[in-house]
Amino acid sequence: MLRACRPRQWPKNLLVLAAPAAAGALGALSAWLVCGAVVALFCLAASGTYLLNDVRDVDRDRAHARKRCRPVASGALPLRTAFAAGIVLIFAAPPLSLLLGDPALTAVVTGYVLLTAAYTFRLKDIVLVDLAAVTGCHVLRAAAGAVAVGVPMTGSFVLVVAIGALLLVSGKREAERRGTTPARRTLGVYSARFLTRLRVSVSAVLVITYCLWALSQGAWHSA
């Protein structure tokens, strides 16, 4: 069960710390505790998503050279158990977020749960929408951290996070497309050339956007 929850993927939820760190709001222990709780909530929801994803794609994973070794695909974790655990984990996150006493944070966590569930069951098979959905999940992680400690997210910061996330997902899709056994339906539409061009273009935009954001931050502090 633990391996099916993919703990090696949990570090991506540290993006919750991005906005508080950029705003210099991590000086107090209380901020670290709140952010730690939010990271845990996202790990919970993400693990539920991974379990549901493995149940949905079990037949496809069994035909894949690497993914057939996953607990659900290999039969080590029964389908019913994985599905039940996935439902519990993914829908436990929003109610648990209420314990932190911030309705706005609960709204963000709920939005993440809905988006990641929609991605698992439908959006992952729609060309370009799958890239946008994963990017949106990363932005919601960053937004949760900002809301949790009460710091604003500027438009330029959101752009940096979104473009950085798009770079990561396009690079991952490119690597999968060049693999011997593509596991996603959308990879039958994406060409390796398109994904390479997308990655290069997004990289250039990310550098420019980050520089503009960094300069605006410097100007704000100088003022």
(Q) Only one of V34, V108 is at pLDDT 95 or above, closer than 16 Å to A142 by Cα and open to solvent by less than 40 Å² (accessible area, probe 1.4 Å). Can you tell me which? (A) V108
Q | Breaking point among (1) under 30 Å from A63 (Cβ atoms); (2) at pLDDT 95 or above; (3) open to solvent by less than 30 Å² (accessible area, probe 1.4 Å); (4) not polar (S, T, N, Q), for A143 | A | (1)
**Q.** Matching option when the condition is over 24 Å from K124 (Cα atoms) and either open to solvent by 40 Å² or more (accessible area, probe 1.4 Å) or hydroxyl-bearing (S, T, Y) (or both), among A25, A40, A84, A65
**A.** A40
(Q) Within the stretch 175-191, does at least one residue satisfy the condition of being touching a Ser or Thr at 6+ places or on another chain (Cβ under 8 Å), assigned to a helix (DSSP H, G or I) and open to solvent by less than 50 Å² (accessible area, probe 1.4 Å)? (A) no
Q) Only one of these conditions is not met by L96: (1) within 12 Å of the chain's Cα centre (by Cα); (2) modelled with pLDDT of 95 or more. Which number is it? A) (1)
Q. What residue, among those in the stretch 192-204 that are within 21 Å of the chain's Cα centre (by Cα) and within 23 Å of I126 (Cβ to Cβ), is most open to solvent (accessible area, probe 1.4 Å)?
A. R199
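The values are calculated or read from the model by the stated rules, or taken from the named source; none is laboratory data. Predicted model, so just to flag it, every value in this text is computed and none were measured. As a convention, Cβ positions derive from the backbone with ideal geometry for all residues, glycine included, and neighbour counts pool all protein chains shown. These accessible areas exclude ligands, DNA and RNA; they are computed on the full protein's heavy atoms, side chains included. Shrake-Rupley method; radii C 1.70, N 1.55, O 1.52, S 1.80 Å.
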